[in-house]
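Down below is the structure, laid out as structure tokens.
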Amino acid sequence: MRLLEIIEFSKEYLEKYSFSKPRLESEKVISHILGIKRIELYSNFEMELESGEKDKIKIFLREMARKRKTFDEIMLEKESTKENISFENTLVKKSFKEENINLLSKSIQYLKKYNVENARLDAEYIFAHVLGVKRISLMFNFDNEISEENKNLIRKYIVRRGKYREPLQYIVKEWEFYGYPIKVGKGVLIPRQDTEILVEQCILLLEGIENPKILDIGTGSGAISIALAKKIPESEVLGLDISDDALKIAVENRELNNVENLKFLKSDVFQYVKEKNYDLIVSNPPYIPVEEYNNLMPEVKEYEPKTALTDGGDGYYFYKKISEESRNYLKNGGYLAFEVGYNQGEEVSLLMEKNGFQIIGKIRDYGGFERVIIGRKEEI
């Protein structure tokens, strides 16, 4: 049950007992139990409460209803008379929540000082990573003391993210892509949400094809290959990359996700590819023009591998090369699917058509830009 639902439940409960300000009273109870300010409740309204937290709230509400007393009256009674000590012990334990929230707040402000986008989100991810918990349940772990060792580690990571603008993904060393954990490092491109659109379209293309064969050019971390191999378990997937560092990480990710129908090969595009009967060739190649690369944000330009971002020219080198050569490696009726830059859809489509592909799909991303171009090999 989410926090907002608990607030509504508590309000309705107190309304039954004719409390004059049931929402205010319920907010006071819940903020007391969770150890956070009442004003912060609605900024965390999607958080899931643990069963112990919910039980404590119910106990307090029953106490108010039984005694027909407000939250403040109950608290005053406890402070002045020390009554119901056993009840109080079930309600409150030594908490470091205020101290931990203060540390989180300072971390967020530090990131904002260095103009980090999504400063709160990044800080929460760093805290969750260090504490070994999921970000969504971070607040429920703030009752416990954070060791000095972990505090120092948090500060170290916050400085790396803020002052040195190191990408969050490289700090936490793992990121989720299409629902699968993907290890990342400085030798590979960080998986983007837009690339999930490419994966989704590839899955749709291969529906109804028995034992499809897939070739992923420029596999990097292996994210696309792994997602396709997992979602289409009867498929055979081959991921290519020219980088030894990238292939090492890709193999680690294959093992991490227990993928058996996936192989990797060091190859400069089609250089060492022997088979020529693929149902799908997919690629998210380096497509940023060199002049745009020079103006990228520091998280990207200073940390992610340049060769995975730009071809050193106009951004079309790999689209041209793959479009020209892929016909030799696809079955008749096979598909070629590209991720493209925000303004490259039309030019890439023309390149594919020039090389004998019928354009069957131009899919836009969440920002409204053409992000995926799909062509089908026409029979000659």
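Summary table
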quantity	calculated
Largest-first principal axis extents, alpha carbons of the stretch 19-177, Å	56, 30, 29
Helix 148-162 axis, angle to the chain major axis (alpha carbon atoms, nearest 10°)	50
Label point distance in nm, LYS21-TYR366, each placed 7 Å from Cα along Cα→Cβ	3.9
Calculated Rg and Dmax of the Cα atoms in Å (choose from (1) 18.4, 56; (2) 19.8, 59; (3) 27.1, 92), label	(3)
Amide hydrogen neighbours beyond the local backbone of GLY239, cut-off 5 Å, H modeled	ASP216, LYS263, PHE264, LEU265
Translational D in µm²/s for the stretch 97-164 (Stokes-Einstein at 25 °C, 0.890 mPa s, Kirkwood Rh from C-alpha pairs)	208
Angle between the chain longest axis and helix 71-81 axis [Cα atoms, degrees, rounded to 10]	50
Choice from ARG155, ARG68, ARG327 showing the highest fluctuation, given a GNM over the chain with Cα pairs closer than 10 Å	ARG68
Ordering of 214-223, 39-48, 117-126 by burial proxy (mean other Cβ atoms within 10 Å per residue, highest first)	214-223, 117-126, 39-48
Fraction of the pair-distance distribution of the stretch 3-91 above 14 Å, Cα-Cα pairs, percent	63
Within the chain, helix-based [θ] at 222 nm, where runs of 4 or more DSSP H residues each add -39,500 (n - 2.57), nearest 500	-14000 deg cm²/dmol
Hits among aspartates and glutamates - C-alpha to C-alpha of LYS106 under 19 Å, sequence gap 8 or more where chains match	GLU40, GLU98, GLU117, ASP122, GLU124, ASP143, GLU145, GLU148, GLU149, GLU166
ARG68/LEU121 FRET efficiency (R0 35 Å; Cβ-Cβ; nearest 0.05)	0.20
Ranking of ILE6, ILE242, ILE226, ILE101 by count of other Cβ atoms within 10 Å, fewest first	ILE242, ILE101, ILE6, ILE226
Helix 345-354 axis, angle to the chain major axis (alpha carbon atoms, nearest 10°)	30
Cα Rg over Rh - the stretch 187-377, Kirkwood	0.93
Top of GLY341, GLY187, GLY179 by mean-square fluctuation, Gaussian network on the chain, Cα under 10 Å	GLY179
Cβ-placed point charges (K, R +1; D, E -1), dipole of the chain about Cα centre in debye, nearest 20	1240
The stretch 370-378 - phi-based ³J(HN,Hα) in whole Hz, Karplus 6.51/-1.76/1.60, Gly and Pro as x	5, 10, 10, 10, 10, x, 10, 5, 7
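No lab work stands behind these numbers, since they all come straight from the coordinates. Treat the numbers as computed from the prediction; the structure is a model and nothing was measured. Here the Cβ is made from the backbone with ideal geometry for all residues, glycine too, and neighbour counts use every protein chain on show.
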